[in-house]
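The values are calculated or read from the model by the stated rules, or taken from the named source; none is laboratory data. Just so it is clear, the model here is predicted, and its values are computed rather than measured. Neighbour counts run over all protein chains shown; Cβ positions are idealised from the backbone, glycine included.
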Amino acid sequence: MAIALLSVGLLGILVFLLGANVSRVRQSVAVTQHEAEADPESRLRKAIRAHGNCIEYVPMLSLMILAIGLAIPMLMSKWIVALMLAAVASRYVHAAGIITGGSIYSANLMKQIGAAGTYLTGLILSVILVIRALSLF
């Protein structure tokens, strides 16, 4: 359960750091906020997109990680622990890829790795929960 709590805590930190980054960048925008939000390469647009994308995935990942931590605390194998930490790392890598990349529309390796890691770990976490639920019937 400690790894589940650590994972969710790290995801929470990411959400709030990205939110604080949006506020920080908004204050430093020299052009109007509307113009900055429209430019796919502006720091503001990237900050908003990184935070928004994080918010799209972190709640479900957090719920699944906590559910697994509660449902199978004694069966937490090393690969499940690694999976949880990989899900967290994927979100951090993806956010960094958005913030440090060029246009939000252009692909870059960090965004691709982060997205693929999120989809893969999220799907596996979901399957683990379904298997655990079926074993309770």
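Checked against (1) in contact with a Lys or Arg (Cβ under 7 Å, 6 or more places away or on another chain); (2) farther than 16 Å from residue 11 by Cβ, residue 123 passes all but a single condition, namely (1).
For beta carbons closer than 9 Å, sequence separation of 6+ or different chains, a first residue in region 40-54 that is under 13 Å from residue 17 (Cα atoms) and a second that is assigned to a helix (DSSP H, G or I) and charged (D, E, K, R), the qualifying pairs are 47/24; 47/26; 48/26; 48/37; 54/91. Any residue in region 8-31 that's farther than 15 Å from residue 52 by Cα and touching a residue at least 12 places away in the same chain (Cβ under 8 Å): show its pairings with residues that are polar (S, T, N, Q) and buried (at least 16 other Cβ atoms within 10 Å of the Cβ) at Cβ separation under 8 Å, as long as the two are six or more apart or on different chains. Taking only residues 6 or more apart or on different chains, the pairs are 8/62; 29/42. Taking the conditions (1) without any contact (Cβ under 8 Å) to a residue 60 or more places away in the chain; (2) assigned to a helix (DSSP H, G or I) in turn, residue 99 satisfies each one other than (1). Tell me, please, whether a residue that is under 26 Å from residue 132 (Cα atoms), out of contact with any Cys (no Cβ under 9 Å at 6 or more places or on another chain) and either part of a helix (DSSP H, G or I) or modelled with pLDDT of 95 or more (or both) can be found in region 46-56. Within region 46-56 (the criterion being under 26 Å from residue 132 (Cα atoms), out of contact with any Cys (no Cβ under 9 Å at 6 or more places or on another chain) and either part of a helix (DSSP H, G or I) or modelled with pLDDT of 95 or more (or both)), the answer is yes, since at least one residue qualifies. The residue that is nearest to residue 121 (Cα to Cα), among those in region 55-73 that are within 10 Å of the chain's Cα centre (by Cα), surrounded by fewer than 18 Cβ atoms within 10 Å (Cβ to Cβ) and in contact (Cβ under 8 Å) with a residue 12 or more places away in the chain, is 60. Identify the residue in region 74-106 that is touching a helix residue (DSSP H, G or I) at 6+ places or on another chain (Cβ under 8 Å) and over 16 Å from residue 11 (Cα atoms) and, among all such residues, is modelled with the lowest pLDDT. The selected residue is 76.
Just to be sure before I move on: is residue 87 touching a Leu at 6+ places or on another chain (Cβ under 6 Å) and within 19 Å of residue 4 (Cα to Cα) in the structure I sent? It is true that residue 87 is touching a Leu at 6+ places or on another chain (Cβ under 6 Å) and within 19 Å of residue 4 (Cα to Cα). Here 61, 109 are screened, and the one residue that is under 18 Å from residue 4 (Cβ atoms), out of contact with any Lys or Arg (no Cβ under 6 Å at 6 or more places or on another chain) and either at pLDDT 95 or above or among the aliphatic types (A, V, I, L, M) (or both) is 61.
Among the residues in region 74-90, are any free of Cβ contacts under 8 Å to residues at least 12 places away in the same chain and outside any helix (DSSP H, G or I)? Yes: region 74-90 contains one or more residues that are free of Cβ contacts under 8 Å to residues at least 12 places away in the same chain and outside any helix (DSSP H, G or I). Search region 21-45 for residues being at pLDDT 85 or above and among the small types (Gly, Ala, Ser), and hand back the single one that is nearest to the chain's Cα centre (by Cα). Restricting to residues being at pLDDT 85 or above and among the small types (Gly, Ala, Ser), the top hit is 23.
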